[in-house]
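Trainee: I have a structure I would like to understand better, so I am pasting it below and will then ask my questions one at a time.
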Amino acid sequence: MQRTGFNNARVRQANKQIFLSHLWREKQLSKSRLAQLSGLSIPAVSNILEVLIDEGRICHSRETLSQRGLSSGSYHLPEQGDWTLCMNVTPTSITSQLADARLVAVGDWRHAEINAGSPKALLTALAAHWREYRQRYPDVTINLALGVHGQVDPITGASKTMPQAPWKTPVEIKYLLEEMLGVQVRLDNDCVMLALAEKWQNPAANRDFCVINVDYGIGSSFVINDNIWRGSLYGSGQIGHTIVNPDGVACDCGRYGCLETVASLSALKKQARRWMKTQPTADCDPETITIDQLITAWQQGDVRIQAWVEHAASAIGLSLYNFLNILNINQIWIYGRSCAFGESWLNTLVQQTGFNPFDHGDNPQARSTRIGFGTLSRSQQLMGIGYLYVESQLNAL
């Protein structure tokens, strides 16, 4: 009969993954701290560290991280190796952050407006952006990690659908860019980028949590038991296409009354445009009004926009309520330009989730469900997509 469970080889593999995961998060740790984090004895920790050093996966430094007693130095990831250019990609913009072999930021993040009217134009813009970095750092290999708006197949590296794009056909981004540039390329959805950023760079992140991006559209990504949940068709987290009004307006997905048609910034802009067309004396041209102008009007106390924003927040909260009941995930981080609407917008959203039957805290401050604005910097958000390489390496151990 075949025995099940962990044998010695699998235990060593699991311990190596645990150690490397802690080092990717902390970048540098002492032996005693690794013992605390793993729950292993110092001799066991020493053995695992020796194996990882022999394999070239980590390095030892004489630098001490403790002010007490004797120290055996510290351990860190190798500083030599491929760098990663992390990008957030839409048909109208590229936002990027270069990171070194340890996924530490190199320089500041950048934002560039583009006008990709075709898949070829998008690929050309991405290649040109990469070449700018390559010219500045010609002595290192710079791989690409892309957080792409819309549905993505991370296995084949194809963008299946990209909202805002004038094309409706899939684009084999990974294959085409690797052929053009001769470097490795990985990509996933932009909300997965945010989830990875929280998982690897936020010490407060639980093993189960959700990120929601409320911007031009509304997307989300779930981490369940410390793993990204993508679904078999890589469409998990499409909270923006939950139907909140079956008799509502048409959505780009082909259905009616999706959350995006009610609560996204693009929906808010359409609503404002329709109203302005009925007002001959309106200050702004309805065809050129921007999201920033709407946010400014809200901040200045425009009653009409404030009502629209509150309605949008309520709709998001109701959709979240259903997600909370189905998945019972009680830690939610919110990102996107809608966060500029501030605490009143967030409070309206949170109030709709206050009837969670699984959360019995009568005092709102004592509730276990936590919904708040994401606190990671833009640079950290972008570097989240670079952890696709890290998770691939850990899974390959």
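The values are calculated or read from the model by the stated rules, or taken from the named source; none is laboratory data. Note that this is a predicted model, so its numbers are computed, not measured. Here the Cβ positions follow ideal geometry from the backbone for every residue, glycine too, while neighbour counts run over all protein chains shown. These accessible areas exclude ligands, DNA and RNA; they are computed on the full protein's heavy atoms, side chains included. Shrake-Rupley method; radii C 1.70, N 1.55, O 1.52, S 1.80 Å.
Trainee: In segment 301-316, is there at least one residue being in a helix (DSSP H, G or I) and within 14 Å of V211 (Cα to Cα)?
Mentor: yes
Trainee: Please specify each residue of segment 119-151 satisfying the condition of being polar (S, T, N, Q) and open to solvent by 40 Å² or more (accessible area, probe 1.4 Å).
Mentor: Those that are polar (S, T, N, Q) and open to solvent by 40 Å² or more (accessible area, probe 1.4 Å): T124, Q135, T141, Q151.
Trainee: What residue, among those in segment 265-287 that are at pLDDT 80 or above and part of a loop (DSSP other than H, G, I, E, B), is nearest to D215 (Cα to Cα)?
Mentor: It comes out as K277.
Trainee: Can you tell which of S72, S96 is surrounded by 14 or more Cβ atoms within 10 Å (Cβ to Cβ), outside the structural domain of M162 (by the TED database) and either of a type outside the set (K, R) or not in a strand (DSSP E or B) (or both)?
Mentor: S72
Trainee: With the requirement that a residue be open to solvent by 10 Å² or more (accessible area, probe 1.4 Å) and either outside the structural domain of S264 (by the TED database) or touching a residue at least 60 places away in the same chain (Cβ under 8 Å) (or both), what does segment 205-215 give you?
Mentor: Across segment 205-215, the qualifying residues are A205, N206, D208, N213, D215.
Trainee: Only one of these is under 26 Å from S377 (Cα atoms), surrounded by fewer than 18 Cβ atoms within 10 Å (Cβ to Cβ), β-branched (V, I, T) and over 24 Å from the mean Cα position of the chain (by Cα): T288, T296, T278. Name it.
Mentor: Exactly one of T288, T296, T278 is under 26 Å from S377 (Cα atoms), surrounded by fewer than 18 Cβ atoms within 10 Å (Cβ to Cβ), β-branched (V, I, T) and over 24 Å from the mean Cα position of the chain (by Cα), namely T296.
Trainee: I would also like to ask the following. For segment 152-177, name all the residues that are open to solvent by 60 Å² or more (accessible area, probe 1.4 Å) and on the phi < 0 side of the Ramachandran plot.
Mentor: If the condition is that a residue be open to solvent by 60 Å² or more (accessible area, probe 1.4 Å) and on the phi < 0 side of the Ramachandran plot, then I155, T156, K160, T161, P166, K168, T169, P170, E172, Y175 are the ones that fit.
Trainee: Could you please give the count of residues in segment 244-259 that are of a type in the set (A, V, I, L, M) and either part of a helix (DSSP H, G or I) or surrounded by 15 or more Cβ atoms within 10 Å (Cβ to Cβ) (or both)?
Mentor: 2
Trainee: Would you point out which residue out of L318, L327 is surrounded by fewer than 19 Cβ atoms within 10 Å (Cβ to Cβ) and modelled with pLDDT under 80?
Mentor: Step by step, each of L318, L327 is checked, and only L327 is surrounded by fewer than 19 Cβ atoms within 10 Å (Cβ to Cβ) and modelled with pLDDT under 80.
Trainee: Let me ask something else about it. Examine segment 361-368 for a residue that is at pLDDT 90 or above and either more than 18 Å from L196 (Cα to Cα) or not assigned by the TED database to the domain that holds W229 (or both), and state whether such a residue exists.
Mentor: No, segment 361-368 contains no residue that is at pLDDT 90 or above and either more than 18 Å from L196 (Cα to Cα) or not assigned by the TED database to the domain that holds W229 (or both).
Trainee: Can you name every residue in segment 11-61 that is among the hydroxyl-bearing types (S, T, Y) and either open to solvent by 60 Å² or more (accessible area, probe 1.4 Å) or over 21 Å from K199 (Cβ atoms) (or both)?
Mentor: Selection gives S30, S32, S41, S46, S61.
Trainee: Go through segment 330-345 and report how many residues are buried (at least 18 other Cβ atoms within 10 Å of the Cβ) and either among the polar types (S, T, N, Q) or over 21 Å from T296 (Cβ atoms) (or both).
Mentor: 5
Trainee: Something else about it: Which residues, counting only those in segment 219-243, are closer than 18 Å to G336 by Cβ, within 16 Å of the chain's Cα centre (by Cα), open to solvent by 30 Å² or more (accessible area, probe 1.4 Å) and modelled with pLDDT of 80 or more?
Mentor: Across segment 219-243, there are no qualifying residues.
Trainee: Here's a follow-up. Filter segment 252-273 for residues that are under 15 Å from A312 (Cβ atoms) and more than 24 Å from the chain's Cα centre (by Cα) and give the result.
Mentor: G257, K269, K270, Q271, A272
Trainee: Just one of the numbered conditions (1) surrounded by fewer than 16 Cβ atoms within 10 Å (Cβ to Cβ); (2) within 29 Å of the chain's Cα centre (by Cα) is not true of W308; which one?
Mentor: Of everything listed in (1) surrounded by fewer than 16 Cβ atoms within 10 Å (Cβ to Cβ); (2) within 29 Å of the chain's Cα centre (by Cα), W308 misses just condition (1).
Trainee: Being in contact with a helix residue (DSSP H, G or I) (Cβ under 9 Å, 6 or more places away or on another chain), under 19 Å from G317 (Cβ atoms), assigned by the TED database to the domain that holds I224 and among the small types (G, A, S): is that true of G240 here?
Mentor: So G240 passes the test.
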